[in-house]
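Notes follow once the structure below has been shown.
Any read-out appearing in this document is the output of simple, stated calculations on the displayed coordinates, not a laboratory observation. No experiment lies behind these values; they were computed from the predicted model shown. Here the Cβ positions follow ideal geometry from the backbone for every residue, glycine too, while neighbour counts run over all protein chains shown.
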Amino acid sequence: MSTEENKNSFEWVWYVIGLLTGMLAVIAVTTSFGWVLLGGIFGLIFAGLFLNKIVKGRQY
């Protein structure tokens, strides 16, 4: 990646969205703090898979 691409990279947004939706999905089912953290971790994993497998190589 060039430095210009790094300045305009918004990949971090997808990780934040994955983290929040994972946590909110678990909050909707249960209110246990441990499960909320686990849901956030699963959300981050799915966001990483989305960025690295589905979106990778797509032309904008």
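Figures for the structure shown
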quantity: Local electrostatic count, Ala47, Cβ distance below 15 Å [Lys/Arg +1, Asp/Glu -1]; calculated: +1
quantity: Theoretical FRET efficiency, 1/(1+(r/R0)^6), r = Cβ-Cβ of Val13 and Ile41, R0 22 Å, to 0.05; calculated: 0.75
quantity: Global form of segment 11-60, assessed from the alpha-carbon gyration tensor, a/c cut-off 1.5; calculated: prolate
quantity: Gained length - Ala25 relative to Val55, 0.36 nm times residue gap less alpha-carbon distance; calculated: 8.5 nm
quantity: Peptides 29-35, 39-45 ordered by average Cβ neighbours within 10 Å, highest first; calculated: 39-45, 29-35
